[in-house]
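Encoded as structure tokens, the structure appears first; notes follow it.
The values are calculated or read from the model by the stated rules, or taken from the named source; none is laboratory data. Note that the structure is predicted; figures quoted are calculated from it, not measured. We place every Cβ from the backbone using ideal geometry, glycine too, and count neighbours over all the protein chains shown. When the accessible area is computed, the model is the full protein with side chains, heavy atoms only, and any ligands, DNA or RNA have been set aside. Shrake-Rupley method; radii C 1.70, N 1.55, O 1.52, S 1.80 Å.
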Amino acid sequence: MPPPSSKAGDNVVTRPNEAPSGDFNPWLRVTSLIENAGKILGLNEGTIKRIVTPERVLEVAVPVRLDSGQVEMYTGWRIQHDTSRGPGKGGIRFHQSVNADEIAALSADMSIKCAVVNIPYGGAKGGVKVDPSTLSRGELERLTRRYAFSIAPMIGPDRDIPAPDINTDTQVMSWIMDTVSMLRGQNTPGVVTGKPLAIGGTLGHAGATSLGVTICTAALLQRLGRPSNEQRVVVQGYGKVGAPLVKLLSDRGMKVVGIADVKGAIHVPEGINHLALAKHFAEAGTVVGYPGSDIVPADLLFTIPCDIAIPAALGGVITEKVATEMAASIMVEAANGPTTGEGAAVLASRNIPVIPDVLANAGGVVASYFEWAQDMQGFMWETELFQQRLEKFMHEAFNHIWSRHKELDLTLRDTAIVAGVERIAEATELRGLFP
Ligand code: GLU
């Protein structure tokens with residue numbers, strides 16, 4: 001089982017319908033950010049090394065009997081990056097680009113994210129290298145259950161709690177929860193979050209990431225003295241995060257003028273009607289063809305004249321070139337790891353404030369924390385309480401990062417990494433080194 005590689009260029013992340021994104025390696029990017037934060041904080045080298053290195057890396061073979069009777073092999077991973085602040089927490093993605101480096105990077109992002117919003121979790125992530133659109137429902141269920149069985153020794157309500165991520169949903173979480181419950185001989189709802197309501201899920205989980213992105217966007221606009229109703233927004237992605245986001249941003253008076261999904265990108269200068277778009281998408285299965293829209297080449301999405309850019313799909317898309325050509329004057333990272341190191345440097349040199357993923361999209365994991373807490377208590381909170389608490393956590397996290405950013409005179413991204421690493425380091429040092 002190879003550990004995440006340390007060579008740039010290995011396991012390059014690719015995106016659907018696109019060429020590999022140069023030699024962007026998300027693992028190298030996140031380790032250099034953590035090391036840099038450690039130096040800014042004056043941490044000793046041993047602590048920095050402990051924080052950078054993933055605690056556990058599990059690679060599993062996932063054989064699946066296809067409907068044709070043939071057996072196909074897939075590879076899956078679960079990586080616990082850091083558990084000094086609590087059990088590992090992080091999603092599971094099914095995607096053809098998944099690899100060990102990507103999952104390791106995303107697990108480290110989860111450690112930082114949970115620390116930034118100050119919830120009692122460490123960071124973890126999992127994934128299977130598979131294009132789920134090629135599988136039938138039965139094949140998807142068998143793949144999910146076999147993968148869940150293989151990572152079962154590593155997960156659990158007090159160990160590591162998976163959740164949905166790219167191409168995984170409430171149904172996939174139900175199968176994982178059921179597989180683990182069968183194995184343990186007891187109902188174990190706290191082993192995953194993002195479950196359906198009927199088996200221990202919560203009403204507020206769906207859309208919580210988008211709500212957090214909206215809260216952070218509005219908070220930044222307020223700090224910059226820019227009225228919400230004068231902002232034009234471009235969103236990349238119309239999935240679990242992008243779709244509710246279009247509604248929430250529109251509700252706050254922002255105009256969504258551009259949007260893309262895997263099938264293409266559209267431009268609507270007068271602003272998209274979120275209800276009409278939802279209806280069109282339900283019928284057509286894509287945003288492309290939305291009445292009155294112009295088609296835009298997908299790689300030119302972020303050149304559409306607008307004020308705010310929101311990548312809400314895959315990682316590594318904001319490259320040096322995209323950052324150079326970006327029309328927006330603010331970027332909010334709803335996706336995980338959307339920006340390469342070079343892209344981030346260009347945005348910083350252009351003085352474009354960026355709310356980083358570990359803050360902007362943390363609403364999802366905060367909602368997961370509430371769902372898990374309810375499962376552990378066996379007590380369902382009222383939805384209003386859930387929403388109020390989610391908003392409180394997001395506002396507190398934003399305010400903390402904003403004030404540290406002013407004090408430290410760093411970008412919001414560097415500040416968020418420093419703030420997260422600071423909390424992880426405190427836990428690491430308090431606990432000491434075993435044995
Ligand atoms: N997949 C989401 C994320 O990347 C949620 C993770 C979770 O709730 O554990 O933040």
Condition first: assigned to a helix (DSSP H, G or I), within 20 Å of the chain's Cα centre (by Cα) and touching a residue at least 40 places away in the same chain (Cβ under 8 Å). Now tell me which residues in segment 226-248 satisfy that. GLY242, LEU245, LEU248
Scope segment 257-313; condition open to solvent by less than 40 Å² (accessible area, probe 1.4 Å), in contact (Cβ under 8 Å) with a residue 60 or more places away in the chain and of a type outside the set (A, V, I, L, M, F, W, C); matching residues: ASP307, PRO311
Would you be able to say whether some residue in segment 323-336 is within 20 Å of VAL213 (Cα to Cα), among the polar types (S, T, N, Q) and within 16 Å of the ligand (Cβ to nearest atom)? yes
The conditions are (1) within 16 Å of the ligand (Cβ to nearest atom); (2) more than 20 Å from the chain's Cα centre (by Cα); (3) crowded, with 24+ Cβ neighbours inside 10 Å, and SER368 fails exactly one of them. Which is it? (2)
Scanning segment 47-80 residue by residue, those touching a residue at least 40 places away in the same chain (Cβ under 8 Å) and farther than 29 Å from SER368 by Cβ turn out to be PRO63, ARG65, LEU66, ASP67
Picking from VAL52, VAL60, which residue would you name as being more than 12 Å from the ligand (Cβ to nearest atom) and over 17 Å from GLY420 (Cα atoms)? VAL60
Got at least one residue in segment 106-122 being more than 14 Å from the ligand (Cβ to nearest atom), in a helix (DSSP H, G or I) and either small (Gly, Ala, Ser) or open to solvent by 10 Å² or more (accessible area, probe 1.4 Å) (or both)? no
Residue pairs meeting the criteria (Cβ under 6 Å; at least 6 apart or on separate chains; first within 14 Å of VAL421 (Cα to Cα), in segment 81-95; second in a loop (DSSP other than H, G, I, E, B) and open to solvent by less than 10 Å² (accessible area, probe 1.4 Å)): ASP82/GLY122; THR83/GLY122; ARG85/GLY122
So the helices (runs of 4 or more DSSP H) completely within segment 346-413 holding 1 or more residues that are at pLDDT 95 or above and over 12 Å from LYS113 (Cα atoms) are 363-377, 383-408
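Quick grid of which residues meet (1) open to solvent by 60 Å² or more (accessible area, probe 1.4 Å); (2) away from the ligand (no atom under 16 Å from the Cβ); (3) under 21 Å from GLY91 (Cα atoms); (4) not polar (S, T, N, Q):
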| site | (1), (2), (3), (4) |
| --- | --- |
| TRP372 | no, no, yes, yes |
| LYS392 | yes, yes, no, yes |
| HIS400 | no, yes, no, yes |
| SER403 | no, yes, no, no |
| THR415 | no, yes, no, no |
Selected residue [in contact (Cβ under 8 Å) with a residue 24 or more places away in the chain, more than 15 Å from the ligand (Cβ to nearest atom) and among the basic types (Lys, Arg)] from ARG146, ARG137, ARG159: ARG146
